[in-house]
Each structure stands twice: as structure tokens, then as C-alpha cells.
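Comments concern the structure below.
The values are calculated or read from the model by the stated rules, or taken from the named source; none is laboratory data. None of the values given here were measured: they were computed from a predicted structure. So basically every Cβ, Gly included, is an ideal-geometry build from the backbone, and we count neighbours across all protein chains shown.
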Amino acid sequence: MPCQSNEELNRLVSEAKKHTKHGEVADYIPALKKANRDDLSVAVYHSDGNCYSAGDIEQKLTLQSISKVLTLALALIDCGEECVFNKVGYEPTGDPFNSIIKLETSRSAKPLNPMINAGALAVTHLIKGESVADRLERIIAFIRDIAGHESITYSEEVAKSEFDTAYLNRSLCYYMKQDGIINENVEELLELYTKQCAIEMDCLDLSRIGLVFAMDGLDPVREKQIIPVEVARLCKTFMVTCGMYNASGEFAVRVGIPAKSGVSGGIMGSIRNRYGIGIFGPALDERGNSIGGIKLLEMMSKQYELSIF
Ligand code: GLN
């Protein structure tokens, strides 16, 4: 059964909203504290170009960890698989996204996967360009191309707020510098990473990006292959195994949709050959995932039979 009505989505959003009161907005990045805990919106972008939505879909969110999928794609395009997986591994960690413990205790010095902060920092390190500004411009241009939206940019306020308080991410960088995983200036890498995480868009843009991954890198609206098929598939695999942090296993069982979340409350989902989903719901559960967003995806998965399993 396809998802083809705003009314139906409105009903699901109202139902999922009941759960937002059990969550909290992220506060370790001070600028994210301003979000409204009760907001919940969704856009579903179909491969035929139709889009259905519910909630205030014009509200903007910053990508945060969702950006990790996009920089992984760009790094794979920039340097190839061998070079990327020289720096990061393939395995889920079972630890929180910002944990430092496996950098010390796992046998290899590499961060375990590209979706945890350490792994994402190592991937961003690989993005090519002459300067931080140039590399950021390349990341933004890549995202604009995928979303088909020329005015996408980043929030200076959110980027600065994270940069000023990124003590843990700084520690991850120094740890990796010690082990030779990264060799650039830590402040420069953090500047690039925090700006990448602060790239802003609305649910509609997010659903369009989800659609491009759903179509294995093809934008069906413009009939343009934006991401190579094998790169898009590889990214989607990480969305399944590590996309929802250390809740990815439970999410696979209960929802079964390749998805990536961010601490702003965003979730991007990709339903193979059918549609992309963009969700914004800033109330988070204890593992940092949008509580209303997960509930909504769980209901959508059941209602429209979306699980890949
Ligand atoms: N910018 C955030 C951080 O590094 C991204 C983390 C997330 O969304 N889980 O902490």
C-alpha cells in the first residue's frame, strides 16, 4: 500500500506526537536548546515527483549526524573505497555516537565506522580542497545538487555554538592524531565538521535527499545520476547497520528502513525505488534519536509495509 495522502500522514503525525512529551531537545550544543519539543513534521517524496507531507514542513533543521552519510558519499567519490576504509572500519559499536572508548580498546586504531563522531571526523578529514572554506563549499555544493536546491547553506549560529563547546570531539581528534588517522590541524578539521553538521534545510529537502539514496544515487525528477550506484548502496548499508546510533538493531527490528538520524531531531529515510522520507521532531530519546520520528516511522513501516526485511 503506498503512502499517498496528506490526511493519512496528518493522522500518523498526530498519533506520534503523543510521544514527544517523553523526550528532551539536545542541549549539549547550546543553540539546539531553542527547538520546540512538541514539533513534528514529515515529508515523503515519491519517485514520480509527488510529495506528501504533514506538520510545519517549512521549519528548518540542521543536519547534524545526517551529514555523515553525505560526507561519506563525497569522500568515497573523492578518494575511493580503499582510502576511506583505511581510516574507518565497517562495524557498529553499540556505544553512544560520541564515545571515545573504542579508540583506545579496539585492536585497530581506526574508528569502528563512519557514522559515529570519531569515524565521521576521519571521513571529513578526507574531503578534498585547498582550504576549509573550499572543502566546505564542495560539501555544500554536493548537498545542493542532491537536494536540487541551490540556496541550501549552513547556520553560522549553530556551527559556532558547537565549535565553542566541542570538547569531546576535540578529544576524539587528538586521539586520532596521536594514532596517525588524521594529520591535519584539529581546529581546522573541527571548523569544517561543525559547519558541515550545521548545514540547514527543511523536511522537503531532506526527503528529496532520502529519495536520491532510495534510487541508488539517481535523482528521478531530473533523471540525473548524482551519486554513483555503488557509493549510494554502501552509504545505505551503513544507514541500516549504524544509522540510528546504538539503537540501530532495535530500529531494524521494529522499523526496518535504512535511515539516519541527527541530534537536531532530523531523520532521513530511504525506501528503495519508492520514496525518500524527511522528518523533523526535536524531542530526543536517551540515545539521541527523535522520539516522535521513530514512532512515526514505526507506524509508517507497518501501515505501508516498508520494512526491507
Ligand atoms: N554535531 C553533532 C556532534 O558531533 C552530531 C552528532 C549527532 O547528530 N548525533 O556531536
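Tabulated values for the structure
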| item | result |
| --- | --- |
| Test set (1) in a helix (DSSP H, G or I); (2) farther than 22 Å from A232 by Cβ - A73 fails condition number | (2) |
| Qualifying residue in region 292-305 (condition: among the acidic types (D, E) and within 16 Å of the ligand (Cβ to nearest atom)) | no |
| Of all residues making up region 248-266, the number that are touching a Pro at 6+ places or on another chain (Cβ under 8 Å) and either over 19 Å from Q64 (Cβ atoms) or of a type in the set (D, E, K, R) (or both) | 1 |
| Flag for N273 being in a helix (DSSP H, G or I) and surrounded by fewer than 24 Cβ atoms within 10 Å (Cβ to Cβ) | no |
| Strands (runs of 3 or more DSSP E) completely within region 20-69 that count 3 or more residues being β-branched (V, I, T) | none |
| Every residue from region 214-263 that is in a helix (DSSP H, G or I), away from the ligand (no atom under 14 Å from the Cβ), touching an Asp or Glu at 6+ places or on another chain (Cβ under 9 Å) and under 23 Å from E81 (Cα atoms) | V229, E230, V231, A232, R233, L234, K236, T241 |
| Selection status of I279, crowded, with 23+ Cβ neighbours inside 10 Å, modelled with pLDDT of 95 or more and either closer than 27 Å to K195 by Cβ or within 14 Å of the ligand (Cβ to nearest atom) (or both) | yes |
| Every pair of residues 6+ apart whose Cβ atoms lie under 9 Å, when the first sits in region 244-257 and is free of Cβ contacts under 8 Å to residues at least 12 places away in the same chain while the second is outside any helix (DSSP H, G or I) and surrounded by fewer than 19 Cβ atoms within 10 Å (Cβ to Cβ) | V253/F309 |
| Any helices (runs of 4 or more DSSP H) falling wholly within region 102-203 and containing at least 3 residues that are within 19 Å of the chain's Cα centre (by Cα), within 13 Å of the ligand (Cβ to nearest atom) and under 20 Å from G262 (Cβ atoms) | 117-125, 156-165, 186-197 |
